[in-house]
Amino acid sequence: MIETRLGEFEEVILLLTGILGEEAYAYKVAEEFELQTGRSVSIGAVHSTLTRLEEKGFLKSEMGKSTAERGGRRKRIYTITAYGKKTLAAARDFKQSLWEQFPGFATSKLSFGM
């Protein structure tokens, strides 16, 4: 059976892939992770997570065009699938539900204009 839940690191990598759009390749995802979190990450961890997310069906990838700056090597570009977006939305909704139940952090929907 394929695992369909997201770990915290997987969720962040999936979100960053969506943020980066057409620039979502491993090195750029790692760079953005460090920029957004202030924490370092190994390129190997990013590569293995992107591969795992693709195996789970949350991402798809294709080889981009070769570039002179990479010595003619091509980049593997990742994009989020519809299933990946659905899974991210479910993860967000679940966490939001928990935050709304947490005393002292719960807020009325009216205070957000909803």
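The values are calculated or read from the model by the stated rules, or taken from the named source; none is laboratory data. Please read all numbers here as calculations on a predicted model, not as lab measurements. Because the Cβ atoms are built from the backbone with ideal geometry, glycine has one as well, and the counts that use them run over all protein chains shown.
Can you tell me which residues in the stretch 20-67 are of a type outside the set (Gly, Ala, Ser) and in a loop (DSSP other than H, G, I, E, B)?
25, 39, 41, 56, 58, 67
Go through (1) over 26 Å from residue 94 (Cα atoms); (2) of a type in the set (S, T, N, Q); (3) buried (at least 20 other Cβ atoms within 10 Å of the Cβ) one by one and return the number of the condition residue 49 breaks.
(1)
Does the stretch 23-46 hold any residues that are touching a Phe, Trp or Tyr at 6+ places or on another chain (Cβ under 9 Å), among the hydrophobic types (A, V, I, L, M, F, W, C) and surrounded by fewer than 19 Cβ atoms within 10 Å (Cβ to Cβ), and which are they?
Answer for the stretch 23-46, where residues must be touching a Phe, Trp or Tyr at 6+ places or on another chain (Cβ under 9 Å), among the hydrophobic types (A, V, I, L, M, F, W, C) and surrounded by fewer than 19 Cβ atoms within 10 Å (Cβ to Cβ): 41, 43, 45.
Does residue 92 qualify as being in a strand (DSSP E or B) and either of a type outside the set (A, V, I, L, M, F, W, C) or modelled with pLDDT of 80 or more (or both)? So that I can check it myself, show each step before the final result.
Details: in a strand (DSSP E or B): no; either of a type outside the set (A, V, I, L, M, F, W, C) or modelled with pLDDT of 80 or more (or both): yes.
No: the conditions fail for residue 92.
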